Amino acid sequence: MPWLLLSIFLLQPAPDDNARAREAFYAALRAAQEGHAEEAARALEKIAQDHPESPYAADSLSKAASIYEEELFLPQQALRLYKTLVEKYPESRPASRARARAEFIASHLGRGPQVLGEYLKIQRTATADTARQSAEAMLELLEKNPGFSLEAEGKLWAASLFGRAGLKEKAHKLLWQIAEGNDKSKAAQALIELANQALAENRPLEARRAYLRLSELDPRWRGSAETGLLQVKRQLVKIYLPWLSLVLYLACLIWLWVALFYELPRKSFRPRGLPVEVWIYLAACLPIMVLSVFGSRHTTRSIFLLALLVLLLILPNAWWWRLGPRPSYGKISARLIGLTLGVFAAGVVAITLGGYYPELWHTIEFGPE
């Protein structure tokens, strides 16, 4: 048994006090690694008591306090040792961490050491396989102990576990509860997490709601909220630009063809064959289409789709020009505007249908790789 070895090390005479402390210290660490946490913590305490001048005394107290806090979940014992470490060895290496941990434990003992110990135990023992159970256990603990100082932090932790377990609705509901709570710091964390989740899932309107709430929460987070709202605007453009472009293209296309067939019966001209403008356009497109074959599959598809979509816009304009007599400047301007808007929309539609849109948007946001 490792604890028997500890007793032997502690009782065995040593030529030097530091050597004895060193041997006992590493024996205790081995016992802790082998699962004998309680025996190891007691042995480390004894090292600090029996060898207070040893260089291992401060580390022994620090390690013993960590075991009480993180493995045995006894915050009062851990607090006692952290305080002893700070008082006796204020300039030692582990003293700064001991101060922080002592302050943390002391500030959260309001509901008693058992509640804090259970809180630490739930957090420490959670695994990927038990994420849901651990989150539910945390919420049950918080429900039984209203007013616990770590309530908001515990709910944030539980929400993250629900998210990992795939229970996004539960996580979402819990985060909004925190966001509506009195702890402004934790509310801000919850709102930022809600906004990040919404952006990742292409729900920009929900992200906008979270960022607007963040901007109203406190002036400290107004800058973060404004930055987030810019991200929301970019994502709105990213999501709706292809749909708006499709609607615009179809509107221009229908208008150009309807206008052509509306005037055609009143004119003597009848379309026969392709106009020369179309042949020039096809001749200009052919080399680009050939070169695109040597590019990526998305590039090739986008170029061919663009050529086809623009052709459908050019064809009614070329025939309309031949109807005669010379159209007014107003009609020419309207046609050119329609053609220009239609070509722009065709470009976005072709890139989207060709599968190149995500890559292009990534380049716009982050630059070429």
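No lab work stands behind these numbers, since they all come straight from the coordinates. Remember, it's a predicted structure, so these values are computed and weren't measured experimentally. Positions of Cβ are generated from backbone atoms using ideal geometry, with glycine treated the same way; all protein chains shown enter the neighbour counts.
Things worth noting here:
- Alpha-carbon Debye profile of the stretch 240-366, log10 I(q)/I(0) at 0.18 Å⁻¹: -1.00
- Fully extending the segment from L29 to F104, taken as 0.36 nm per residue of separation minus the present Cα-Cα distance, adds 24.5 nm.
- Gyration tensor over the Cα atoms of the stretch 2-107: the corresponding equivalent ellipsoid has semi-axes (square roots of 5 times the eigenvalues, largest first) of 23, 16, 9 Å.
- Pairs of Cα atoms farther than 38 Å apart, the chain, %: 53 percent
- Between the beta carbons of F294 and T340, assuming R0 = 41 Å, the FRET efficiency works out to 0.85 to the nearest 0.05.
- A Förster radius of 51 Å combined with the Cβ-Cβ distance from L244 to V276 puts the calculated FRET efficiency at roughly 0.95.
- Helix 151-164 axis versus longest C-alpha principal axis of the chain: approximately 60°, rounded to the nearest ten.
- Sorted fewest first by neighbouring Cβ atoms within 10 angstrom, T84, T125 come out as T125, T84.
- Inter-part distance where the stretch 31-48 and the stretch 165-181 are each reduced to a Cα centre, Å: 40 Å
- Rounded FRET efficiency, nearest 0.05, which uses the C-beta distance separating K233 from E359 and R0 of 25 Å: 0.75
- Dipole in debye (nearest 20) - the chain, about Cα centre, beta carbon charges: Lys, Arg +1; Asp, Glu -1: 2600 debye
- Per-residue Cβ neighbour rank within 10 angstrom, fewest leading, C285, C252: C285, C252
- Using a cut-off of 18 Å between Cα atoms, the listed pairs K121/K168; K121/K144; K63/K88 include K121/K168 as exceeding that distance.
- Of P287, P52, P316, the one that fluctuates the most in a GNM where the chain has Cα springs shorter than 10 Å: P287
- In whole percents, the pair-distance distribution calculated for the stretch 114-217 from its alpha-carbon pairs, binned every 5 Å from zero, is 2, 14, 23, 22, 19, 11, 6, 2, 0.
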